[in-house]
Amino acid sequence: MNQADRTEFDIIHQKIDTIDKNINELKIYNEAEHMKNRTDLKFIKDNLFNPHEGLWAETKLNTIFRQSTSKWRGVVGIGFVGLFFKHLWDMFKP
């Protein structure tokens, strides 16, 4: 192996070391970013699917409210229809 080959080998070796260093830095950076994403996703998951405080609980409460109001809406509606017919009956009654 002559001197030119040796310098070429050193240059290639330095490039490989630089690439290896960059890959390791990227791994560290990616792990840090994945941890940030993991904490963000955990926050979103907790806010959506927490059965006591999250959006899931609010949706269940909204459903319960709608079911209870639909029961009373029928009763009140029948009452108003009855009052309307009573008013009409009283208007046309001699």
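Only the coordinates and a few stated rules stand behind these numbers; no lab work does. These numbers were taken from a predicted model, which means no experiment stands behind them.
Using only Cα atoms and rounding to the nearest 10 degrees, what angle (0 to 90) does helix 3-49 make with the longest principal axis of the chain?
Roughly 20 degrees between the two axes.
Working from Cα positions, state the angle (0 to 90°, nearest 10) between the long axis of helix 55-92 and the longest principal axis of the chain.
Tilt relative to the chain: about 20 degrees.
How long are the semi-axes of the ellipsoid equivalent to the chain, from square roots of 5 times the Cα gyration tensor eigenvalues, in whole Å, largest first?
Calculated on Cα positions only, the semi-axes equal 81, 14, 6 Å.
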